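Student: Have a look at this one.
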Amino acid sequence: MQPLTRRQFARLAAAAVSSVSLPRLTMGEAPSPHSLQFPGGFLWGCATSAYQIEGAVAADGRGRTIWDTFAHTRGKTHKGQTGDVAADSYHRFAEDVKLLKELGAKTYRFSIAWARILPQGTGRPNDKGIAYYDRLVDELLKNDIAPYATLFHWDLPQALPGGWQSRDTAKAFGDYAGFVAKRLSDRVRHFMTTNEIVCFTDLSYKRGLFAPGLKLGDAAVNQIRHHAVLAHGLGVQAVRANATGGTQVGFAENPRVYVPVIETPEHIEAAKRAFRQENAPFISTVLEGEYPTEYLEREGANAPKIESGDMDIIASPLDFVGLNVYQPEYARADASKAGYAVDRRPTSYPHMASPWLFVGPEVMYWAVRSVTELWGPKAILITENGCSGEDYRDAAGRIEDTDRVMFLRNYLTHLHRAVTENYPVKGYFLWSLMDNFEWVDGYGKRFGIYHVDFKTQERTPKRSALWYREVIARNAVG
Ligand code: GBH
């Protein structure tokens, strides 16, 4: 056998130790005439959130959150699983930044745990908690990956009395947002205030599915929704007041998105009306600066109590609107006063591993188009899109998640349509970089493009990671 040259040896040794490295790209092929090219500078990234990946819930002075309490309450999550350890990204963040680097990701959307920064939700900041995000941000920048930080992804400090039932929580959020902006905006130039308002209001206080697991009446729920949009607005203002110039701020919403049953003007109009009405107390209110009258009329005496000045705060202009896009809804024109009807899905409608995750790639296009036509935001980012799958290792140890690749390819094809029609969509964050704690589904549903072995914390690229890397490298889907 030929002795190895030093360079060959070094290459083999590197390959052997780094189990997560991906094989080399096969670049240089002529792009297929059918490949869907994205504009130069399109921002490709991945998304995660603090409680879902960090673990280390008692480390360095982190305060308790409502999700710690909820997950530790019997019967609330799949097999009683919690985010105590999750993907241990608190300790493995440098390795996780390497995963992003290997993908060629230009950006990373992560969330900041309020309770690491202010363990009691208000009051004295915790230097060690801030230091963690300093390390993460510095590591990202060293690797030319732009940090996009979400300020609140559901992990509310337990110490805040009444949680979102209290107006004081909105004020506390503003103070926290201002503090983070002051400390990080020299390096973090993009902030999202809140993630998916409907989830930490309705799912949490009306349907009882998410922390804190309450089932309150309509008046209480409407007030909670008001506190949430107010918190968002206070957050926007606090970021602007405390950040260095040029810092951009937006939010990440998961509106119900309506696909017109047939692409004809009357059904398109119906879908647009449905979008505005069915998301009335959330994105519609924030982007219009007032509650749609139909919503207020419908709620009557249960409508939220609004203090003077609230609506101006809620309406604070945004630099971008983030959309988390998953499942479609369908609307058609109808002779009713509302002008639309929502169609129920037949039981044969296909879904991914999560029963709620119905597959409808065209929802991507209609999300972008509806928001643009209704409110004309400066820019739109797809802040989440991805799916769960029943991933498994084949005999060679590979994870061939062809279903996830199918899902992503189709959704991105419809995103490309939006880009081609000149809607102002500037970037896409894939949910998720790695398998993580999927809230009430615990570790039972995997959304990552990197597989995580939760016993060893080993990360392994799935087929979808290799596929996404090609998308980023070619700036095209094909
Ligand atoms: C996003 O939520 C979240 O931002 C992210 O943290 C999460 O991991 C990701 O998506 C994948 O789920 O029990 O039938 O009422 C997406 C919106 C809202 C979808 C709650 C699941 C529960 C459905 N989610 N919903 S159900």
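The values are calculated or read from the model by the stated rules, or taken from the named source; none is laboratory data. No experiment lies behind these values; they were computed from the predicted model shown. For neighbour counting, all protein chains shown are included, and Cβ atoms are generated from backbone atoms with ideal geometry for every residue, glycine included. Remember, those area values only see protein heavy atoms, side chains included, never the ligands or the DNA or RNA. Shrake-Rupley method; radii C 1.70, N 1.55, O 1.52, S 1.80 Å.
Student: Going through region 440-452 one residue at a time, which ones are within 12 Å of the ligand (Cβ to nearest atom) and either of a type in the set (D, E, K, R) or open to solvent by less than 10 Å² (accessible area, probe 1.4 Å) (or both)?
Tutor: Residues satisfying the conditions are Asp441, Gly442, Lys445, Arg446, Phe447, Gly448.
Student: If you check Phe70 against the conditions, is it outside any loop (DSSP other than H, G, I, E, B) and at pLDDT 95 or above?
Tutor: It is true that Phe70 is outside any loop (DSSP other than H, G, I, E, B) and at pLDDT 95 or above.
Student: Same structure, new question: Take the residues in region 321-342 that are over 17 Å from Val368 (Cβ atoms) and in a loop (DSSP other than H, G, I, E, B), then tell me which one is most open to solvent (accessible area, probe 1.4 Å).
Tutor: Lys337
Student: Which count do you get for residues in region 204-220 that are assigned to a loop (DSSP other than H, G, I, E, B) and either away from the ligand (no atom under 16 Å from the Cβ) or closer than 12 Å to Leu151 by Cα (or both)?
Tutor: So the count comes out to 2.
Student: Collect the residues in region 343-352 that are in contact with a Phe, Trp or Tyr (Cβ under 9 Å, 6 or more places away or on another chain) and either assigned to a loop (DSSP other than H, G, I, E, B) or more than 16 Å from the ligand (Cβ to nearest atom) (or both), keeping them in residue-number order. Let's see the steps before the verdict.
Tutor: Applying the first criterion (in contact with a Phe, Trp or Tyr (Cβ under 9 Å, 6 or more places away or on another chain)) to region 343-352 yields 343-345, 349-352.
Hits for region 343-352 are Asp343, Arg344, Arg345, Tyr349, Pro350, Met352.
Student: Give Thr77, Thr69 a once-over and let me know the one that is among the hydroxyl-bearing types (Ser, Thr, Tyr) and more than 14 Å from the ligand (Cβ to nearest atom). Walk me through it before giving the result.
Tutor: Values: Thr77 fails: more than 14 Å from the ligand (Cβ to nearest atom).
Going through Thr77, Thr69 in turn, just one is among the hydroxyl-bearing types (Ser, Thr, Tyr) and more than 14 Å from the ligand (Cβ to nearest atom): Thr69.
Student: With respect to Leu296, is the statement that it is touching a residue at least 60 places away in the same chain (Cβ under 8 Å) and either of a type outside the set (S, T, N, Q) or in a loop (DSSP other than H, G, I, E, B) (or both) true?
Tutor: On the way: touching a residue at least 60 places away in the same chain (Cβ under 8 Å): no; either of a type outside the set (S, T, N, Q) or in a loop (DSSP other than H, G, I, E, B) (or both): yes.
Taking the combined requirement at face value, the residue does not satisfy it.
Student: Consider Val239 carefully, then state whether it is touching a Gly at 6+ places or on another chain (Cβ under 8 Å), crowded, with 20+ Cβ neighbours inside 10 Å and not acidic (Asp, Glu).
Tutor: In short, yes.
Student: Tally time: how many residues in region 74-105 are over 15 Å from Asp453 (Cα atoms), acidic (Asp, Glu) and part of a helix (DSSP H, G or I)?
Tutor: Looking only at that region, the number is 1.
Student: Still on this structure, I have one more. Taking region 346-372 as the region of interest, how many residues are under 20 Å from Pro260 (Cβ atoms), loosely packed, with under 15 Cβ neighbours inside 10 Å and in contact (Cβ under 8 Å) with a residue 12 or more places away in the chain?
Tutor: 0
Student: Determine if region 235-247 includes at least one residue that is touching a Phe, Trp or Tyr at 6+ places or on another chain (Cβ under 7 Å), more than 16 Å from the ligand (Cβ to nearest atom) and not in a loop (DSSP other than H, G, I, E, B).
Tutor: Yes.
Student: Which ranges mark the helices (runs of 4 or more DSSP H) fully within region 106-203 that have 2 or more residues being within 22 Å of Ser316 (Cβ to Cβ) and more than 16 Å from the ligand (Cβ to nearest atom)?
Tutor: On the way: elements: 114-117, 127-142, 167-184.
Here the list reads 167-184.
Student: Answer yes or no as to whether Pro328 is free of Cβ contacts under 8 Å to residues at least 60 places away in the same chain, within 23 Å of Leu412 (Cα to Cα) and within 16 Å of the ligand (Cβ to nearest atom).
Tutor: On the way: free of Cβ contacts under 8 Å to residues at least 60 places away in the same chain: no; within 23 Å of Leu412 (Cα to Cα): yes; within 16 Å of the ligand (Cβ to nearest atom): yes.
Here the answer is no, as Pro328 does not meet what is asked.
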